[in-house]
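The values are calculated or read from the model by the stated rules, or taken from the named source; none is laboratory data. Since we're looking at a predicted model, the values are computed, not measured. Positions of Cβ are backbone-derived with ideal geometry, glycine not excepted, and every protein chain shown enters the neighbour counts.
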Amino acid sequence: MAVRRLADKSIQPKDFAFTAENLAWAKQQIAKYPEGRQASAVIPLLWRAQEQAGGWLPEPAIRTVADLLGMPYIRVLEVATFYTMFNLAPVGRYHVQVCGTTPCMLRGAEALKEVCRRRIGEQMHVTEDGTFSWVEVECLGACVNAPMAQINYDYYEDLTPESFNRILDDLAAGRPVKPGPQIDRQFSAPVGGPTTLTDPSLYTGTGRHGGPSLTDSDAKRPGAAANVSESPVPKAPIADASATTAPSTRRE
């Protein structure tokens, strides 16, 4: 993993303080953990600090979280620099995360990255109007809908350069956009519609199973209880070897 460093001091704010609402929320999170275990709240507090700061995590915010949790600054810095969900430099109003892992790469992620380079610039560059920034990330868990990208909190899947450009155009213009698959399918359903259990004979009683299928209106008969079994039948005792008469070897 590449080394992750804090943004240059020239763009760091002088200080950071949670709003009254966010501070109350932070205290609720801390209260979930027993005395001495407040450090367990470090990730949600850093996440809320990043949201308040406009999508990135300034160094003063890291110190504020450390003070709230009674942790050394270096320990909170370790968390912030380890998890890529924390942005250590300013990002655009719409931060685009393009998945570049193998399934998305095989399905066209390189073309999506080229769209980002052409429209936005290099990774983590913020456009002059502050609208966009982008970064390549590892798997976002939507491989069946590859290629895909996450923009702020939403997933956009089954992308092509054309549909990706259209989404960026709409976001820049303030028009509504539709998250999820950008082709005619629902979530991870098969492309082109259902592909199994589509034979009508399965539901008319003419199929090879020989009878009509059970419907929701039919009575469902309970099966045998899983905890009921037949009593074991004891085996016959093994005969005592001493009681067995050896065959005679004498010749008559």
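Going by what's in this entry, would VAL42 be described as of a type in the set (Val, Ile, Thr) and over 23 Å from the mean Cα position of the chain (by Cα)?
no
Give the residues of the range 45-70 that are over 20 Å from GLN12 (Cβ atoms) and surrounded by fewer than 16 Cβ atoms within 10 Å (Cβ to Cβ), sorted by residue number.
GLY70
With the condition kept exactly as written, say whether any residue in the range 136-153 is loosely packed, with under 13 Cβ neighbours inside 10 Å, over 18 Å from the mean Cα position of the chain (by Cα) and in the same structural domain as ALA111 (by TED's automatic domain parsing).
Among the residues of the range 136-153, not one is loosely packed, with under 13 Cβ neighbours inside 10 Å, over 18 Å from the mean Cα position of the chain (by Cα) and in the same structural domain as ALA111 (by TED's automatic domain parsing), which makes the answer no.
ASP8 fails exactly one of the following numbered conditions: (1) buried (at least 16 other Cβ atoms within 10 Å of the Cβ); (2) closer than 30 Å to ARG119 by Cα; (3) over 25 Å from the mean Cα position of the chain (by Cα). What is the number of that condition?
With (1) buried (at least 16 other Cβ atoms within 10 Å of the Cβ); (2) closer than 30 Å to ARG119 by Cα; (3) over 25 Å from the mean Cα position of the chain (by Cα) applied to ASP8, the lone miss is (1).
Which count do you get for residues in the range 101-124 that are modelled with pLDDT of 95 or more, buried (at least 16 other Cβ atoms within 10 Å of the Cβ) and either closer than 21 Å to TRP56 by Cβ or β-branched (Val, Ile, Thr) (or both)?
Matching residues across the range 101-124 total 5.
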